Amino acid sequence: MFKRIIHSVFIRSLLVVISIGLFVACKEEKKKIIINFPHTDLSTENLIPKPLKIIPTHNAFGLNKSTVIYTSQTNNGFNKVGYFLSEKIKQKTGLDIPVNKTTTNTIDKFIYINKSDSVALKNKEAYQLYITKDTIIINAKTAEGAFRGIQTLRQLIPYTSNDTLTDYRLWPIPTGKIIDSPNYNYRGTMLDVARHFFSVADVKKYLDLIAYYKINVLHLHLTDDQGWRIEIKSWPKLTSVGGHSEVGGGKGGFYTQEEYKDIVSYAAERHILIIPEIDMPGHTNAASVSYPFLNGNGKTPKPYTGMRVGFSTFNTKKDTTYSFINNVVQEIAAITPGPYLHIGGDESHVTKKRDYHYFVKKVEAIVNKHNKQVIGWGEIIQATTNTSSVAQHWRTKKNAVIASNKGSKIILSPAKNTYLDMKYDSLSKHGLDWAGHISVTDAYNWAPENYITEIPNNAILGIEAPLWSETISTISELEYLAFPRIIGYAELGWTNKENREWENYKIRLANQVPYLKHMNVNYYPSPLIEWK
Ligand code: ACM
């Protein structure tokens, strides 16, 4: 039987073939089985985002049932990273890998997730991955860095084992060293749950998918003209009235505060920050339908299920508007552990310019009072006074330049490059096209570093790819627009410019199919990619 096994492995091993000795304790006798691993070049693995440095040593670690995970115990977060890895290994291979357990079983492989104070690990998300024949070490200064590191390891574990040895199956992982650190500290995506509502389960699936590609921010666009999606206990009609509409006339929906907290903690387990957005003073029709005193456009507010923008505004002159906003910000700040609260501020076309500036300054102060930093769409930067306020560039470059000149940071979300709701091409089943078509190539083939020549790279906090939901209402439609483009944005955010190259990326992207299939992702099979 072994002869047949070795023969079949040999046939499949046309690439570099390395022999690894594996001692297997059989019931009757001790045998040394020679297993030939077909693929052992760490530098040609299909990792996304591409790491900073990869040094292959052309051998293999055979992940198997006698592998154990140990983690640093000085920081509870490392323990959790170990359990997360063990669970993902189980889902992929069926192997039950113990974490921090003493065992009487034969152990021949170790994975150490190690808290290290190495000066080389400057960035809190940096990690080093050392893979030898029988040990894998992940060094990181923080649990966050360790978590990013195990995503790389997950991507290195093949979907199929060396399937010939049914009792002693091995999942070969190429040996070598990976030194990695992010290009930008903010690597985000946004989901519009206001135009169409997405369930907690949908959001969790999206979080799972983006975590695999090292994205670390999910911005939730929680309110808009068509619906209000977050429970505010002091203003219950926001959801009992404003939560039940959406584009096209569907039933809408909203998150209770408990559900929102569940999303926040699920994201935190993946070291992803949730940024809640309450869009104002425009995009507020649903709030004004719930509480008409808020309305400032002079018309009687009615539920809106269309797709126009720019017709609504809060009344910026009333004190009661600001008491309302204070309550909303206070309740959301209390259940949001991250440092940011997004105040929208886009397309307030029916708010007078002077009133808009007055409003943004007042709301900035309210947000700061509740110990949060403001993020807003580019327009807000004309009015903000605190340099900790961040401008999210989406359309007008001038606003990004103003932000930089003021000393504020910028998040790059240029619509024509990063909007996930733009169609891929004229044949796209979903999506809009007001900012143009964004093919899989276009999505990847630009450099945030040079996007706005007047602003220095250190003014850029990072990039974010927003997914607006006017034309999508199911997770499958969400996936069609987000995948595969979001994978490219993950690489633009993480991988430095020197390591990014379309021809190389598109091969790695083509090889994401096993993962996307395993996760049941309805990705758009762009003809520009030779999918595997
Ligand atoms: C936006 O697309 N209105 C920010």
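The values are calculated or read from the model by the stated rules, or taken from the named source; none is laboratory data. Remember, predicted model here, so these are calculated numbers, not experimental data. All Cβ positions, even for glycine, are placed from backbone atoms using ideal geometry, and neighbour counts span all protein chains on display. SASA here: full protein model, heavy atoms, side chains in, ligands and nucleic acids out. Shrake-Rupley method; radii C 1.70, N 1.55, O 1.52, S 1.80 Å.
Key figures
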read-out: Three-way shape call for region 409-532 based on the alpha-carbon gyration tensor, with the a/c threshold at 1.5; value: oblate
read-out: Mean accessible surface per residue for region 75-226, computed with a 1.4 Å probe while every protein chain stays in place, in Å²; value: 33 Å²
read-out: Rounded to 5, percent antiparallel among DSSP beta bridges of the chain; value: 40 percent
read-out: Per residue solvent-accessible surface (Å²) - region 401-532, probe of 1.4 Å; value: 38 Å²
read-out: Across K362/K406; K80/K204; K369/K397, pairs whose alpha-carbon gap is larger than 20 Å; value: K369/K397
read-out: Quarter of the Cα convex hull surface for the chain, i.e. its orientation-mean projected area (nm²); value: 25.6 nm²
read-out: Nearby aspartates and glutamates by direct alpha-carbon distance to K317 (threshold 19 angstrom, same-chain neighbours under 8 apart not counted); value: D279, D346, E347, D355, E364
read-out: Surface share of carbon and sulfur [accessible, 1.4 angstrom probe, percent] for the chain; value: 53 percent
read-out: Computed helical MRE - 222 nm, the chain, DSSP H runs ≥ 4 contributing -39500 (n - 2.57), nearest 500; value: -9000 deg cm²/dmol
read-out: Size of region 294-336 as Cα extents on the principal axes (Å, biggest first); value: 32, 24, 15
read-out: Over 18 Å between alpha carbons, listed pairs K88/K124; K423/K517; K65/K90; K372/K409; K65/K133; K251/K429; value: K88/K124; K423/K517; K251/K429
read-out: By average C-beta atoms within 10 angstrom, highest first, the peptides 288-297, 409-418; value: 409-418, 288-297
read-out: Distance histogram in 10 Å bins (all Cα pairs of region 140-230, percent per bin); value: 13, 31, 26, 19, 9, 2
read-out: Set of aspartates and glutamates near K141 by C-alpha distance (under 20 Å), chain-local residues within fewer than 8 positions excluded; value: D117, E125, D180, E269
read-out: Rounded accessible area per residue of region 260-374, 1.4 Å, Å²; value: 40 Å²
read-out: Total charge dipole magnitude, the chain, about the Cα centre, Cβ charges on Lys, Arg, Asp, Glu only, Debye to nearest 20; value: 680 debye
